[in-house]
Amino acid sequence: MNRRSFLYKSAISGIGLLGAGMLPSIPSNAFLKSSNLKITKIETVRFSKKIKINGMGIQWMWLRLHTNEGIIGTGETYPFNEASESVFKDLEWHSWAGKLLGANPLEIEQVWDRIYKQNAFNIQGGAEIRALSALNIAQWDILGQVSSMPLYKLLGGSSSKHIRVYNTYTNGRAINGWTIEKDLDKIARFLVDQGITTIKFCPFDRVATRNNGEYISKNEIESCLDMVRTIRDTVGNDLEIGCEFHSYWNLPSAVRIAKSLEPYNILFLEDMLLQDNIKSYVSLAKETSIPMVISERLATRFGFREFFEAGIGGITMYDLTWCGGISEGKKISDMANTYYLPTMMHTAGGPILWYASAHLAAAITNLFFVESVYPNWKERYPYFFENVPQVVNGSIQPPDEPGLGLKFKKGLFDSQEINAETIAEI
């Protein structure tokens, strides 16, 4: 047996836990390449404010890791992109760029741990976690390309898994120009006709904004419930309802609202309170039978630990471009599963978040829903990619191309509307 054959067979046996059905698709030179792979350039991609798709601008940023083998991995995060981008720009010895340039991008866990611990030591913050999330997604994209395998297979997922979606609807993410105030019956019928069986919307936000979340009257509650009644009167139970609250409310108001929604068979209540006081959520959960969703505002498995241990029940929701990336999303779902809790994925950001969520959703075994936004996957994301996963009969499937499977539009990076900036290079 020659050295190349020995290395290949050793590598194959070493990843046997990934499933024998995947192994034939891995080329024999993938493992030889991987040992010498190095990050040679860190690049950020920002988008012109002139880009308007369905009336909305671009709020996300891409991070691209270039390697000595010509493989490029792409990650994403949002918003406040200036802050997230700046994380990579300091080139001192302790900088992120200093830790990444020359490193093997396939050392996903080691890179994550080194950067997370430094970040936590120097006061953990939002920009750093968002940047780490983008970095982690880009590394997984590279691993899939090196292995010539789609990411969901590397994660142990199944192409036949039914990945259920709900549709988030706000006037800023409108379908056919319809507004919630005037056209909710049309919206409900449209979604049901598309095979989407669940809507999430924000019937109480207008009052929360007006009252600063401090108080809601009985008359205001009845006015907000009119929206819920419209859906029930139009399509009955063919469209499940989840309510989003954007953490606007105090505890007494949240209790009052939750009780008012009890008769309408609401699927979940998302982020009624800020995520910083889990004991308050324990009190709220005792007042209602409607499951709580908590929360894409939490990051890393460490951030979710207290929620799990508090015994609130409910549904775990994370955003892969905020929580620490694909590695952390998988760990958070697995932790939730030990408490028999389902998980959902927040995807109201950019297209790479949508791709990454589809891949991870195909791998976890406690999936409740993946969020979808109809104008995003139908109109906005195809502006950038050729193969955006589409919702068919209320479900999506990840692409079968290697890594995240991103097929960029031809000439995309030559466009004057796109600003690709080299942050560091060797």
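The values are calculated or read from the model by the stated rules, or taken from the named source; none is laboratory data. Remember, predicted model here, so these are calculated numbers, not experimental data. Here the Cβ is made from the backbone with ideal geometry for all residues, glycine too, and neighbour counts use every protein chain on show.
Go through the residues of region 230-243 one by one and say whether even a single one is at pLDDT 95 or above and either closer than 19 Å to Arg297 by Cβ or outside the structural domain of Ala188 (by TED's automatic domain parsing) (or both). Yes - at least one qualifying residue is present in region 230-243. For region 403-424, state whether one or more residues are in contact with a Gly (Cβ under 9 Å, 6 or more places away or on another chain), surrounded by fewer than 24 Cβ atoms within 10 Å (Cβ to Cβ) and farther than 21 Å from Ser158 by Cβ. There is at least one residue in region 403-424 that is in contact with a Gly (Cβ under 9 Å, 6 or more places away or on another chain), surrounded by fewer than 24 Cβ atoms within 10 Å (Cβ to Cβ) and farther than 21 Å from Ser158 by Cβ.
Exactly one residue out of Leu135, Leu155 is in contact with a strand residue (DSSP E or B) (Cβ under 7 Å, 6 or more places away or on another chain) and under 15 Å from Gly329 (Cα atoms), and it is Leu135.
Restricting region 87-106 to residues that are within 22 Å of the chain's Cα centre (by Cα) and at pLDDT below 95, the residue that is farthest from Thr300 (Cα to Cα) is Phe88. Taken as a whole, the structure leaves Leu225 outside the set of residues that are in a helix (DSSP H, G or I), touching a residue at least 24 places away in the same chain (Cβ under 8 Å) and closer than 28 Å to His359 by Cβ. Does Val255 count as among the aliphatic types (A, V, I, L, M) and touching a residue at least 40 places away in the same chain (Cβ under 8 Å)? Judged against the criteria, Val255 is not a match.
One line per residue, one yes/no per condition, for (1) in contact with a Leu (Cβ under 9 Å, 6 or more places away or on another chain); (2) of a type in the set (A, V, I, L, M); (3) surrounded by fewer than 17 Cβ atoms within 10 Å (Cβ to Cβ):
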site: Met61; (1), (2), (3): no, yes, no
site: Ile71; (1), (2), (3): yes, yes, no
site: Thr77; (1), (2), (3): yes, no, no
site: Ser84; (1), (2), (3): yes, no, no
site: Val87; (1), (2), (3): yes, yes, no
site: Trp96; (1), (2), (3): yes, no, no
site: Lys99; (1), (2), (3): no, no, yes
site: Glu107; (1), (2), (3): no, no, yes
site: Tyr116; (1), (2), (3): yes, no, no
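How many residues are part of a loop (DSSP other than H, G, I, E, B) and either within 27 Å of Arg297 (Cα to Cα) or of a type in the set (Val, Ile, Thr) (or both) if we restrict to region 53-80? Break it down into steps so the answer makes sense when it comes.
Pass one, region 53-80, residues part of a loop (DSSP other than H, G, I, E, B): 54-55, 57-60, 68-71, 78-80.
From what is left, the residues that are either within 27 Å of Arg297 (Cα to Cα) or of a type in the set (Val, Ile, Thr) (or both) are 54-55, 57-60, 71, 78-80.
Going through region 53-80 one residue at a time, the tally reaches 10.
In region 107-117, is there at least one residue being in a loop (DSSP other than H, G, I, E, B) and at pLDDT below 90? The answer is no, given that none of the residues of region 107-117 is in a loop (DSSP other than H, G, I, E, B) and at pLDDT below 90.
Residues of region 206-222 being surrounded by 13 or more Cβ atoms within 10 Å (Cβ to Cβ) and either at pLDDT below 95 or under 18 Å from Cys243 (Cβ atoms) (or both), which ones?
Just the residues of region 206-222 that are surrounded by 13 or more Cβ atoms within 10 Å (Cβ to Cβ), to begin with: 206-208, 211, 213, 215-216, 220-221.
Hits for region 206-222 are Arg206, Val207, Ala208, Asn211, Gly213, Ile216, Glu220, Ile221.
Check off (1) closer than 21 Å to Gly126 by Cβ; (2) aromatic (Phe, Trp, Tyr); (3) outside any helix (DSSP H, G or I) for Trp249 and give me the number that stays unchecked. Of everything listed in (1) closer than 21 Å to Gly126 by Cβ; (2) aromatic (Phe, Trp, Tyr); (3) outside any helix (DSSP H, G or I), Trp249 misses just condition (1). Scanning region 376-397 for residues that are closer than 20 Å to Ile241 by Cβ and not in a loop (DSSP other than H, G, I, E, B) turns up just one, Ser395.
Table: residues versus (1) in the same structural domain as Asn81 (by TED's automatic domain parsing); (2) closer than 22 Å to Lys153 by Cα; (3) modelled with pLDDT under 95.
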position	(1), (2), (3)
Ala258	no, no, no
Glu262	no, no, no
Phe304	no, no, no
Gly313	no, no, yes
Gly329	no, yes, no
Tyr355	no, yes, no
Leu360	no, yes, no
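Identify the residue in region 165-187 that is aliphatic (A, V, I, L, M) and in a loop (DSSP other than H, G, I, E, B) and, among all such residues, is modelled with the lowest pLDDT.
In the first step, residues of region 165-187 are kept if they are aliphatic (A, V, I, L, M); the result is 165, 174-175, 180, 184, 187.
Filter again for in a loop (DSSP other than H, G, I, E, B), leaving 174-175.
Details: Ala174: 83, Ile175: 88.
Looking at residues that are aliphatic (A, V, I, L, M) and in a loop (DSSP other than H, G, I, E, B), I get Ala174.
What pairs come up if the first residue lies in region 123-137 and is outside the structural domain of Cys323 (by TED's automatic domain parsing), the second is aliphatic (A, V, I, L, M) and in a helix (DSSP H, G or I), and their beta carbons are under 7 Å apart, counting only those six or more places apart or on different chains? Within 7 Å, the pairs are Ala127/Ala83; Leu132/Ile115; Asn136/Ile108; Asn136/Ile326; Ile137/Ile326; Ile137/Ile352; Ile137/Ala356.
Taken together, the criteria place Gly156 among residues that are surrounded by fewer than 19 Cβ atoms within 10 Å (Cβ to Cβ) and at pLDDT 95 or above.
Scanning region 272-300 for residues that are surrounded by fewer than 20 Cβ atoms within 10 Å (Cβ to Cβ) and touching a Ser or Thr at 6+ places or on another chain (Cβ under 9 Å) gives Leu274, Gln275, Arg297.
Within region 259-280, can one find any residue that is more than 21 Å from Arg130 (Cβ to Cβ), acidic (Asp, Glu) and in a helix (DSSP H, G or I)?
Yes; the residues of region 259-280 include at least one that is more than 21 Å from Arg130 (Cβ to Cβ), acidic (Asp, Glu) and in a helix (DSSP H, G or I).
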